[in-house]
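Take a look at the following structure, please.
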Number of protein chains: 2
Amino acid sequence: MGLFVHKYGGTSMGSTERIRSVAQRVAKWRRAGHDMVVVPSAMSGETNRLLGLAKELMPHAATPEAMRELDAVAATGEQVSVGLLALALQAEGVPALSYAGWQVPVRTDSAFTKARVASIDEARVRASLAAGNVVIITGFQGIDPLGNVTTLGRGGSDTSAVAVAAALKADECLIYTDVDGVYTSDPRIVPEARRLGSVSFEEMLELASLGSKVLQIRSVEFAGKYRVPVRVLSSFTPWDIPIGDEAESGTLITFEEYEKMERAIVSGIAYNRDEAKISVLGVPDRPGIAFQILGPVADANIDVDVIIQNVSHDGRTDFSFTVPRNDYQRALDLLKGKVQPAIGAADVRGDTRICKVSIVGIGMKSHSGVAARMFRTLSEEGINIQMITTSEIKTSVVIDEKYMELAVRALHKAFELDVAPTAEA
Amino acid sequence: MGLFVHKYGGTSMGSTERIRSVAQRVAKWRRAGHDMVVVPSAMSGETNRLLGLAKELMPHAATPEAMRELDAVAATGEQVSVGLLALALQAEGVPALSYAGWQVPVRTDSAFTKARVASIDEARVRASLAAGNVVIITGFQGIDPLGNVTTLGRGGSDTSAVAVAAALKADECLIYTDVDGVYTSDPRIVPEARRLGSVSFEEMLELASLGSKVLQIRSVEFAGKYRVPVRVLSSFTPWDIPIGDEAESGTLITFEEYEKMERAIVSGIAYNRDEAKISVLGVPDRPGIAFQILGPVADANIDVDVIIQNVSHDGRTDFSFTVPRNDYQRALDLLKGKVQPAIGAADVRGDTRICKVSIVGIGMKSHSGVAARMFRTLSEEGINIQMITTSEIKTSVVIDEKYMELAVRALHKAFELDVAPTAEA
């Protein structure tokens, strides 16, 4: 008998009827003799409703004090979910108790609205499990060292679930969501996209960070760091199918070495249109300049993704990077107001109408010519490439947003992702 | 400059527009130099919405485990309110921070859904006030010794506010509500009812417990125990009237001795139709029998109000009492199933179609004939009295529910409550 962590998304928790289905599914696992911990999201729409109320009162919450209150408000969505799910399980005759992040406690840093999990105290959870309960823990939240409620940012419940699974050394963390696994690309854009039976941790990390939206990136990082086996699967399969069928559905994120796995050179095509591009032009090319530009951006808690610095001409260079679109205006104001005068740059420009398209595959490590095939494919479609970055297992390009679907479909075809590799067949 | 606690009800917090009004009112007091603590209720309708969801999943939550989850769910309503109000104050330029019950902490016993406040730790609140913040604390909730969230029952936010005022030794606790004070009776039933400028603590206790619904009874008990001056006033007066006008409106609950106060013999007529009557008939009249009947009822956390034991005939007596209608079925089942066989009573009967009508007045202490005038008035209206209880400052009768309005109006007129006493004019 094992210890399993189930995570259910907002759609799965969207009504009392659906919560009852979740309870029936969890009860099935419990009755099979497993110790069960469940991490549900807020009911769908609830977090947006709460943040909408907050926004009516303060359209731009930017101070730590305001973000502290946003977190206190937003965290209640999951607190409602856990209580309702506990009641639904109890009504099924299965002992269950709920715990908010502060009750476990799930300890985080103090970065309101995007806190990071520091540690999870397992004592109370273990005691509750030992007493025969299904333990239900709020996703998305924790407390900081001063006892303030924090949230982990959008999709943070995935991270909560994986972190709990890591702390408890669970056999597997099952993420029930509205897709039935990880695909070679987004099926809404590429109808021929196929579900992957398994995917390596490194590939998943890239696929998630590049906008596949199946899992929050931090959850994959956590899974990798603590080697938690994570399975992404659908919450829309009937709750009463055999446990064995559930346990083999979806996509398993594995930690096997590449050598042991038979797989295609490229596993998937990812995209992300939630970023914006900022260029700092005419920057004096001297040591420390990158830090002088990006230090203040990091201090403002803005994540920077693709970073490009061109070779310099006449002692000046151009410096470009992408930021989340939500933080675009704040980043631009910061750079124009403080950084540009301080370093003596010629200009700061931005563009929100961009997207990033990436090919991802652990097989790229040992196959040359993959990037070249990507560039040729885009060229044949007449798509101009604005920025390029590469890593061992991915190649990303930033292009005009309007070509996104075209680019994803063309690359999916060029790398023959619509055909199942024979080794997997 | 003083320290004031403001409490706002659900209607006052019913929309972001209204929350902004509350923030403006609080900001006015803060800018006048006062230290401010605010205890808001959940937005109107929110607690019912949350408990409605819970009820869909478990129609009858009766176990401690289920009630624990009800409390965890219901408490989120106030957690949303405090965060939104803090944001509204910050948007007004007034530093403000919110604290949930567990963050203060407000410590209670473990009686889920009807917990009692045991103590309030003032350290964190005082530090936050000293740092210049308006401190906003969730009403209605606390934590028990095991760290579980508890709620104080309907209207519990009044108690929270008074308890906070007591802990901080506030100058006054102002309860902003949808009525502008305490009336001689319910104006919906008696159009001639007048607002009282002040009322003694003892009268208020009776008026509240007898169903005046202006304040939760425990809040009045708390106010009396710690001698917290409490003012009930309307949240519908414009927020920008002078502070002095606000401070003199509403009804002040005072602790002055009767001798110092000029007042009518009877201050008000209260009623309560939230109770049901239970009679245990043919009870062997021996020592300890009242405890044998009411002990199990108390153990089940059911409050008993009016208790009557008639003189015995042939060694047997009848024993009647009232309980909250919500607990009626539970009490009846308990008495029929366990108590009746144990003590050998002849029968247990109940009636939910009753109401209690009371005359309340500190002046009754020194004036005889007040009860007689009450009984004569009801007799003249042809209303049969089923039960009677008296205390120093009130006389209550239990009558058929259908006569309630008639009885209240007739008594209001008989005791000339429609005419302001000359001493108050």
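The values are calculated or read from the model by the stated rules, or taken from the named source; none is laboratory data. What you are looking at is a predicted structure, and each value in this text was computed from that prediction instead of being measured. As a convention, Cβ positions derive from the backbone with ideal geometry for all residues, glycine included, and neighbour counts pool all protein chains shown.
Could you please give the count of residues in the stretch A:1-49 that are outside any helix (DSSP H, G or I) and more than 10 Å from chain B (Cβ to nearest Cβ)?
Step one: list which residues in the stretch A:1-49 are outside any helix (DSSP H, G or I), which gives A:1-15, A:32-45.
The next check asks that each one be more than 10 Å from chain B (Cβ to nearest Cβ); those that pass are A:1-14, A:32-42, A:44-45.
The total comes to 27.
To continue, here is another question. Name, by its number, the condition in (1) more than 11 Å from every other protein chain (Cβ to nearest Cβ); (2) among the polar types (S, T, N, Q); (3) over 24 Å from A:HIS34 (Cα atoms); (4) not in a strand (DSSP E or B) that does not hold for A:THR159.
Among (1) more than 11 Å from every other protein chain (Cβ to nearest Cβ); (2) among the polar types (S, T, N, Q); (3) over 24 Å from A:HIS34 (Cα atoms); (4) not in a strand (DSSP E or B), A:THR159 violates only (3).
Let me ask something else. With the checklist (1) buried (at least 22 other Cβ atoms within 10 Å of the Cβ); (2) free of Cβ contacts under 8 Å to residues at least 12 places away in the same chain in hand, flag the one item A:ALA130 doesn't pass.
(1)
Output the qualifying pairs, or none if there are none: Cβ atoms under 7 angstrom, residues six or more apart or on different chains, first residue in the stretch B:377-400 and closer than 18 Å to B:LYS365 by Cβ, second residue polar (S, T, N, Q) and surrounded by fewer than 17 Cβ atoms within 10 Å (Cβ to Cβ).
So the pair list comes out as B:SER396/B:THR389.
So A:TYR328 ticks every box in (1) modelled with pLDDT under 95; (2) at negative phi but one. Which box is left unticked?
The number of the failed condition is (1).
Of all residues in the stretch B:203-229, how many are within 13 Å of the chain's Cα centre (by Cα), modelled with pLDDT of 80 or more and among the β-branched types (Val, Ile, Thr)?
Selection size over the stretch B:203-229: 1.
For the stretch A:347-425, which strands (runs of 3 or more DSSP E) that fit wholly inside it have 1 or more residues that are surrounded by fewer than 19 Cβ atoms within 10 Å (Cβ to Cβ)? Full working, then the answer.
Working: elements: A:347-351, A:354-360, A:387-391, A:394-400.
Those strands (runs of 3 or more DSSP E) span A:347-351, A:387-391, A:394-400.
Return the pair list, or none, for Cβ contacts closer than 9 Å from residues in the stretch B:82-100 that are touching a residue at least 60 places away in the same chain (Cβ under 8 Å) and more than 8 Å from chain A (Cβ to nearest Cβ) to residues that are part of a loop (DSSP other than H, G, I, E, B) and of a type in the set (A, V, I, L, M), at least 6 apart or on different chains.
Every condition considered, the pairs that remain are B:LEU85/B:MET13.
Mind checking which residues of the stretch B:288-305 are assigned to a loop (DSSP other than H, G, I, E, B) and out of contact with any Phe, Trp or Tyr (no Cβ under 8 Å at 6 or more places or on another chain)?
Here is the first cut: in the stretch B:288-305, the residues assigned to a loop (DSSP other than H, G, I, E, B) are B:288, B:300-305.
Of everything in the stretch B:288-305, those that are assigned to a loop (DSSP other than H, G, I, E, B) and out of contact with any Phe, Trp or Tyr (no Cβ under 8 Å at 6 or more places or on another chain) turn out to be B:GLY288, B:ALA300, B:ASN301, B:ILE302, B:ASP303.
Related question: Restricting to the stretch A:24-55, name every residue that is over 17 Å from A:LYS7 (Cβ atoms) and surrounded by 17 or more Cβ atoms within 10 Å (Cβ to Cβ). Lay out the reasoning, then the answer.
As a first pass, look at the stretch A:24-55 and keep what is over 17 Å from A:LYS7 (Cβ atoms): A:31-33, A:45, A:48-55.
If the condition is that a residue be over 17 Å from A:LYS7 (Cβ atoms) and surrounded by 17 or more Cβ atoms within 10 Å (Cβ to Cβ), then A:LEU50, A:LEU53, A:ALA54 are the ones that fit.
Further question: Filter the stretch A:327-354 down to residues that are touching a residue at least 60 places away in the same chain (Cβ under 8 Å) and touching a strand residue (DSSP E or B) at 6+ places or on another chain (Cβ under 7 Å), then give me how many there are. Steps first, please.
Looking only at the stretch A:327-354, we keep the residues that are touching a residue at least 60 places away in the same chain (Cβ under 8 Å), and these are A:330, A:340, A:343-352, A:354.
Those still in the list that are touching a strand residue (DSSP E or B) at 6+ places or on another chain (Cβ under 7 Å) too: A:340, A:343-352, A:354.
Final tally of qualifying residues: 12.
Spot the failing condition for A:TRP102; the list is (1) in contact with a Phe, Trp or Tyr (Cβ under 8 Å, 6 or more places away or on another chain); (2) within 18 Å of A:SER219 (Cβ to Cβ), and only one is missed.
(2)
Could you check, for the stretch B:211-227, whether at least one of its residues is crowded, with 20+ Cβ neighbours inside 10 Å and touching a Leu at 6+ places or on another chain (Cβ under 6 Å)?
Taking every residue of the stretch B:211-227 in turn, at least one turns out to be crowded, with 20+ Cβ neighbours inside 10 Å and touching a Leu at 6+ places or on another chain (Cβ under 6 Å).
Being free of Cβ contacts under 8 Å to residues at least 12 places away in the same chain and in a strand (DSSP E or B) is the filter here, so list the residues in the stretch B:311-326 that pass it.
B:HIS313 - this is the single residue of the stretch B:311-326 that is free of Cβ contacts under 8 Å to residues at least 12 places away in the same chain and in a strand (DSSP E or B).
While we're on this one: Of the residues that make up the stretch A:105-123, is at least one within 9 Å of chain B (Cβ to nearest Cβ) and touching a residue at least 12 places away in the same chain (Cβ under 8 Å)?
Step one: of the stretch A:105-123, the residues within 9 Å of chain B (Cβ to nearest Cβ) are none.
Taking every residue of the stretch A:105-123 in turn, none turns out to be within 9 Å of chain B (Cβ to nearest Cβ) and touching a residue at least 12 places away in the same chain (Cβ under 8 Å).
Conditions (1) under 27 Å from A:ILE269 (Cα atoms); (2) not hydrophobic (A, V, I, L, M, F, W, C), marked per residue:
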| position | (1), (2) |
| --- | --- |
| A:HIS313 | no, yes |
| A:GLY337 | no, yes |
| A:ALA342 | no, no |
| A:ASP351 | yes, yes |
| A:ILE362 | yes, no |
| A:HIS367 | yes, yes |
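Conditions (1) among the hydrophobic types (A, V, I, L, M, F, W, C); (2) within 30 Å of A:VAL419 (Cα to Cα), marked per residue:
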residue: A:ALA111; (1), (2): yes, no
residue: A:GLU122; (1), (2): no, no
residue: A:ALA130; (1), (2): yes, no
residue: A:GLN141; (1), (2): no, no
residue: A:GLY147; (1), (2): no, no
residue: A:THR151; (1), (2): no, no
residue: A:ASP186; (1), (2): no, yes
residue: A:ILE189; (1), (2): yes, yes
residue: A:ALA193; (1), (2): yes, yes
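Which residue is farthest from B:GLY363 (Cα to Cα), if the candidates are limited to the stretch B:185-200 and must be buried (at least 20 other Cβ atoms within 10 Å of the Cβ) and among the small types (Gly, Ala, Ser)?
B:ALA193
If you scan the stretch B:19-42, which residues turn out to be without any contact (Cβ under 8 Å) to a residue 40 or more places away in the chain and under 25 Å from the mean Cα position of the chain (by Cα)?
Matches in the stretch B:19-42: none.
Also: Can you tell me which residues in the stretch A:104-133 are charged (D, E, K, R) and either closer than 16 Å to A:ALA165 by Cβ or over 19 Å from the mean Cα position of the chain (by Cα) (or both)? Explain how you work it out, then say what you get.
At the first step, the residues of the stretch A:104-133 found to be charged (D, E, K, R) are A:107, A:109, A:114, A:116, A:121-122, A:124, A:126.
Scanning the stretch A:104-133 gives A:ARG107, A:ASP121, A:GLU122, A:ARG124, A:ARG126.
Taking A:TYR176 as meeting all but one of (1) in a strand (DSSP E or B); (2) without any contact (Cβ under 8 Å) to a residue 24 or more places away in the chain, write down the number of the exception.
Going through the list (1) in a strand (DSSP E or B); (2) without any contact (Cβ under 8 Å) to a residue 24 or more places away in the chain, A:TYR176 breaks only (2).
Considering only the stretch A:269-318, state which residues are modelled with pLDDT of 90 or more and on the phi > 0 side of the Ramachandran plot.
Selection gives A:GLY282 alone.
Filter the stretch A:69-81 for residues that are assigned to a helix (DSSP H, G or I) and either free of Cβ contacts under 8 Å to residues at least 40 places away in the same chain or more than 7 Å from every other protein chain (Cβ to nearest Cβ) (or both) and give the result. Full working, then the answer.
Quick first cut of the stretch A:69-81, residues assigned to a helix (DSSP H, G or I) only: A:69-74, A:76-81.
Of everything in the stretch A:69-81, those that are assigned to a helix (DSSP H, G or I) and either free of Cβ contacts under 8 Å to residues at least 40 places away in the same chain or more than 7 Å from every other protein chain (Cβ to nearest Cβ) (or both) turn out to be A:GLU69, A:LEU70, A:ASP71, A:VAL73, A:ALA74, A:THR76, A:GLY77, A:GLU78, A:VAL80, A:SER81.
Can you pull out every residue in the stretch B:50-67 that is more than 7 Å from every other protein chain (Cβ to nearest Cβ) and either assigned to a helix (DSSP H, G or I) or not small (Gly, Ala, Ser) (or both)?
Correct list: B:LEU51, B:GLY52, B:LYS55, B:PRO59, B:HIS60, B:THR63, B:PRO64, B:MET67.
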